[in-house]
Structure formats: C-alpha cells, structure tokens
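Notes for the one structure printed next.
Any read-out appearing in this document is the output of simple, stated calculations on the displayed coordinates, not a laboratory observation. The structure displayed is predicted, hence computed values, not measured ones. Every residue, glycine among them, receives a Cβ derived from its backbone with ideal geometry; neighbour counts consider all protein chains shown.
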Amino acid sequence: MSRFLLFSHLTVLFLVRTFPPLNFFIDMANTKSALKYIRKTETRTLRNRQVKTRLKTLAKKVQSAVEAKDKDALVAVSKEYISALDKAGKTGLVHHNKIARHKARCAALIAA
C-alpha cells in the first residue's frame, strides 16, 4: 500500500479526512526533527480546527438567540462565546482586533 493512501492515526481517530492526508509529506522529511515537526503540525491543525468549529457554532447560537429575541439565552450564549474567543486569542488562533469587534457587537446586541 502506498504512502499516499494511508491516513495517520490522529486523522482516523478524529474521523477527519483531508486530501492529501497530512502525513503524505512525511517522505519529504530528511531528519528526525523534521518528522517530529510534521507530527506536531498535524496535532495542532486538528486542535485548531476543533476550536474554530466551536467558535462558528457559538456564533450561530448567538445569532439564533438574537433572531428569537430571547434576552436570557442571548446573555448566556454571549458569555460563553466571548470566553471561547478570549481562549482562542490567547494561543493566537484569532486576531485580537477580531475578538474586540465580536465582543463589542455582542455587548451592543445585549444592550439593545
């Protein structure tokens, strides 16, 4: 079986299929440290994808609370969304200006 068709254990574990698989490029590595860097990159990519997906889901929940005109749900979901944004900003996954913009918009929606 060729290296091109194999998926890494992390990709299979999270049931995420990318084409080409992230470990397809292992054959390009010339040193052990390069192989380790590829493994670290794959792990971080999967983790970052989870965080970004969660942020999108929370943004949709905020929007649905606004459309439903449910003030209590909006406050609760906004608090959760802002917390997730701040955590994503700590690792540099989301730009700090984007975080500030979304927090301001959430506050404006709550105040309205």
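Below, the figures for the structure above:
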| read-out | value |
| --- | --- |
| Average projection area in nm² (convex hull over Cα atoms of region 38-96, one quarter of hull surface) | 4.1 nm² |
| Cα→Cβ-extended label distance, 7 Å offset, between residue 104 and residue 75, nm | 2.4 nm |
| Unsatisfied cross-links (Cα-Cα over 21 Å) in the set 52/98; 36/98; 60/98; 61/98; 40/103 | 36/98; 40/103 |
